[in-house]
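This report concerns only the one structure given below.
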Amino acid sequence: MTICVRSVSNEEQDSLLQLARSRTRGAGLVRRAQIVVHALEGLSAPQIATKMELCGHTVRFWLKRFNERGLQGLQEDMRSGRPPTYSAQERSTVIRFALSRPTELDLPFACWTLDRLVAYLSEQGIGMRRSRISEILLDEGLKWRHEETWFGERVDPDFAKKRGRSRPSTRRHRPAA
């Protein structure tokens, strides 16, 4: 059975040609638009398949989808996949604790590290791997930051007392004779 492409409007044809030549859109979408453009040029499904080095079934599938749905049919449908391992509530709890100060939670340290956060979350009943917590924080746009800097306040207010007096790092040079 031969599959023919339905007639398209001028706007739709312009959009297809623009999409088929695009270098910024997704490669799959561009390839599907090229299939339809070749079909509009009069090539049959087997000819398109050999020209584009695709399976004939793939070419027929996308031509049918285009005939039924138009340009929207060239977009891929959402695929089912593995359900999320952690609930939205657990994810929000991780983010909430990561954004809080450990001193507010009566913890003996001033800033979080990834290992400290993992240990605290496991005490709270959220058993999550270190890498997964890191992924959740990166997905939210959060990055580990270093609160101790050479400029401004230090995290530990007693740092100066604990450090002690400063010593010169280089010896004094004796004057040349």
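The table below lists the values:
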| item | result |
| --- | --- |
| Probe 1.4 Å, protein heavy atoms only - accessible area per residue of the stretch 1-108 in square angstrom | 69 |
| Reported label for calculated log10 I(q)/I(0) by the Debye sum over Cα atoms at q = 0.12, 0.13, 0.16 Å⁻¹ given (i) -0.76, -0.79, -0.94; (ii) -0.57, -0.66, -0.97; (iii) -1.02, -1.07, -1.19 | (i) |
| Percent RCO, i.e. relative contact order, over the stretch 54-118, from Cα pairs under 8 Å lying at least 6 residues apart | 15 |
| Percentage relative contact order, the stretch 1-48, counting C-alpha pairs under 8 Å, at least six apart | 42 |
| Average Cα contact separation per residue, the chain, under 8 Å, 6 or more apart, as relative contact order % | 13 |
| GluC sites (Glu not before Pro) restricted to the stretch 19-73 and DSSP loop, no more than 12 other C-beta within 10 Å | Glu41, Glu53 |
| Check: the chain dipole with +1 on Lys, Arg Cβ and -1 on Asp, Glu Cβ, in debye | 1080 |
| Burial ranking of peptide ranges 170-176, 54-60 (average Cβ count within 10 Å, highest at the top) | 54-60, 170-176 |
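The values are calculated or read from the model by the stated rules, or taken from the named source; none is laboratory data. Values in this document were obtained by computation on a predicted structure and should not be read as measured data. Note: ideal-geometry Cβ built from the backbone for every residue, glycine included; neighbour counts use all protein chains shown. Each accessible area value is taken on the protein alone, full model and side chains, heavy atoms only, with ligands, DNA and RNA left out. Shrake-Rupley method; radii C 1.70, N 1.55, O 1.52, S 1.80 Å.
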